[in-house]
Amino acid sequence: MKLSVAEKVAVDKITIEKFNVAWFKLAEFVGRKEKERALGVYRLLSHSLPDDAFAAQLEGDLFMAFQDDKALDAYQRSAKLYEKNGQFTHAALIYEQMMLLKPENKDYLIQALKLYEIIKNDVKIARCASQLSRLLIKNSSLDAHHDLMATISCTTECLLYIQEWSVISLIEFQPEQNELIQDYLVIIMRAFDRETDYYSKRLTLFLAKLSALNNRWYEFAYQLLKSYQNIAA
C-alpha cells in the first residue's frame, strides 16, 4: 500500500525518535558500565549508521570504553575501510587512537605517518615522526631511525622539530652515541642561528630541555651557537 506524504513524514519521525532513543540508551549503558547491554544497542544501531567504517569505529570506541582489547580489531577494520574510501585523515586518526591502547606499537605510528604524508599535513607528520623517532631510539632501532630521517617529507620547521626530539631521545636512551648526538646538535644549532621570534622561542625551549637532561650537551650546543653567531658577525 502506498503511503501518503503525511504518513511518510509520520513514519520518518517515529524512526528518528527511535534512533535518538537508541543513542541515549547506548550512552546510558556505557556510563553505567553495562557492556553487554551497550553492545546489544550497538548491534541494533549499526544497521542505521552511515557506513561500515563509522560502524567499526563506534564498535572500537565501545570496546575501548570497557577496556577490551577487541577495540584494536574494530579500529583496524575501521582504518582500512576509511583508507579504502579515500578518507585518509579519518584513517590516520584511528591509528592514533590505537596508539592509546598500545603506545609501544610502532606499526600504528608508521601507518598514521604514511597517511599524513599522503595528505601533506606537516604538523601531524612532525608529531607522528617525532613519536616514532623516540620509540625507535628507545628500542635501539637506530638503522630504522636513520631510514626514517632520510625519507621523511615535510617543511624545514617540522623537520627541525623531529630532529630536536631525536637528539633528546638519543641523550636519554642512547647516551653512548656521542658522534650521532654531536652530528644532530650541529645540524640543529645551525638551523637555530636565525634572527626571528619563532626560532628564538624554539631555541630557548630546546636549550632548556638540554640543560635539564644533560649539562655537558647543553654546554656543547651553547658553544656551537656562539661560534656560529661570531662567524655571522
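Has the stretch 14-28 got at least one residue that is open to solvent by 70 Å² or more (accessible area, probe 1.4 Å), modelled with pLDDT under 50 and part of a helix (DSSP H, G or I)?
Initially, the stretch 14-28 is screened for residues open to solvent by 70 Å² or more (accessible area, probe 1.4 Å), giving 14-18, 20-21, 23-25.
Subsequent filtering for residues that are modelled with pLDDT under 50 retains 14-15.
Filter once more, keeping what is part of a helix (DSSP H, G or I): 14-15.
Looking for residues that are open to solvent by 70 Å² or more (accessible area, probe 1.4 Å), modelled with pLDDT under 50 and part of a helix (DSSP H, G or I), one finds at least one in the stretch 14-28, hence yes.
Do we have Glu164 as open to solvent by 70 Å² or more (accessible area, probe 1.4 Å), part of a helix (DSSP H, G or I) and under 20 Å from Ala212 (Cβ atoms) here? Quick ask: steps written out before the conclusion?
Values: open to solvent by 70 Å² or more (accessible area, probe 1.4 Å): no; part of a helix (DSSP H, G or I): yes; under 20 Å from Ala212 (Cβ atoms): yes.
Here the answer is no, as Glu164 does not meet what is asked.
Hey, can you tell me all the residues within the stretch 128-157 that are surrounded by 17 or more Cβ atoms within 10 Å (Cβ to Cβ), at pLDDT 95 or above and not small (Gly, Ala, Ser)?
If the condition is that a residue be surrounded by 17 or more Cβ atoms within 10 Å (Cβ to Cβ), at pLDDT 95 or above and not small (Gly, Ala, Ser), then Cys128, Gln131, Leu132, Arg134, Leu135, Leu136, Ile137, His145, Leu148 are the ones that fit.
Of all residues in the stretch 35-49, which are part of a loop (DSSP other than H, G, I, E, B) and either modelled with pLDDT of 90 or more or touching a Phe, Trp or Tyr at 6+ places or on another chain (Cβ under 7 Å) (or both)?
Here is the first cut: in the stretch 35-49, the residues part of a loop (DSSP other than H, G, I, E, B) are 47-49.
Of everything in the stretch 35-49, just one residue is part of a loop (DSSP other than H, G, I, E, B) and either modelled with pLDDT of 90 or more or touching a Phe, Trp or Tyr at 6+ places or on another chain (Cβ under 7 Å) (or both), namely Ser48.
Looking at the stretch 167-207 only, could you name the residues that are of a type in the set (S, T, N, Q) and either in a helix (DSSP H, G or I) or open to solvent by 20 Å² or more (accessible area, probe 1.4 Å) (or both)?
So in the stretch 167-207, the residues of a type in the set (S, T, N, Q) come out as 169, 174, 177-178, 182, 196, 200, 204.
If the condition is that a residue be of a type in the set (S, T, N, Q) and either in a helix (DSSP H, G or I) or open to solvent by 20 Å² or more (accessible area, probe 1.4 Å) (or both), then Ser169, Gln177, Asn178, Gln182, Thr196, Ser200, Thr204 are the ones that fit.
Kindly indicate whether any position in the stretch 210-222 is under 30 Å from Ile118 (Cα atoms) and either assigned to a helix (DSSP H, G or I) or in contact with a Leu (Cβ under 6 Å, 6 or more places away or on another chain) (or both).
Start the filter on the stretch 210-222 by keeping residues that are under 30 Å from Ile118 (Cα atoms), which leaves none.
No, the stretch 210-222 contains no residue that is under 30 Å from Ile118 (Cα atoms) and either assigned to a helix (DSSP H, G or I) or in contact with a Leu (Cβ under 6 Å, 6 or more places away or on another chain) (or both).
Say we look at the stretch 167-196 and pick out the residues that are modelled with pLDDT of 95 or more and among the aromatic types (Phe, Trp, Tyr); which of these is nearest to Ala212 (Cα to Cα)?
Once the filter is applied, the top-ranked residue is Phe173.
So in the stretch 218-233, with the set limited to residues that are of a type in the set (Gly, Ala, Ser) and within 16 Å of Asp183 (Cα to Cα), which one is modelled with the highest pLDDT? Talk me through it step by step, then tell me what you get.
Residues of the stretch 218-233 that are of a type in the set (Gly, Ala, Ser), as a first pass: 221, 227, 232-233.
Going one step further and asking which of them are within 16 Å of Asp183 (Cα to Cα), we end up with 221, 227.
On the way: Ala221: 95, Ser227: 86.
By that ranking, first place goes to Ala221.
How many residues does the stretch 88-119 contain that are under 20 Å from Leu159 (Cβ atoms) and either touching a Pro at 6+ places or on another chain (Cβ under 9 Å) or in contact (Cβ under 8 Å) with a residue 12 or more places away in the chain (or both)? Steps first, answer last, please.
To start, the set of residues in the stretch 88-119 that are under 20 Å from Leu159 (Cβ atoms) comprises 92, 106, 109-110, 112-119.
Adding the requirement that they be either touching a Pro at 6+ places or on another chain (Cβ under 9 Å) or in contact (Cβ under 8 Å) with a residue 12 or more places away in the chain (or both) leaves 92, 106, 109-110, 112-113, 115-119.
So the answer is 11.
Being open to solvent by less than 40 Å² (accessible area, probe 1.4 Å) and of a type outside the set (Val, Ile, Thr) is the filter here, so list the residues in the stretch 87-114 that pass it.
Our first condition is that a residue be open to solvent by less than 40 Å² (accessible area, probe 1.4 Å); within the stretch 87-114, this holds for 91-92, 94-96, 98-99, 108-109, 112-113.
Ala91, Ala92, Tyr95, Glu96, Met98, Met99, Tyr108, Leu109, Ala112, Leu113, listed by residue number.
The values are calculated or read from the model by the stated rules, or taken from the named source; none is laboratory data. For clarity, every value in this text was computed on a predicted model and none was experimentally measured. Positions of Cβ are backbone-derived with ideal geometry, glycine not excepted, and every protein chain shown enters the neighbour counts. We work out accessible area using only protein heavy atoms, side chains counted, and drop any ligands, DNA or RNA first. Shrake-Rupley method; radii C 1.70, N 1.55, O 1.52, S 1.80 Å.
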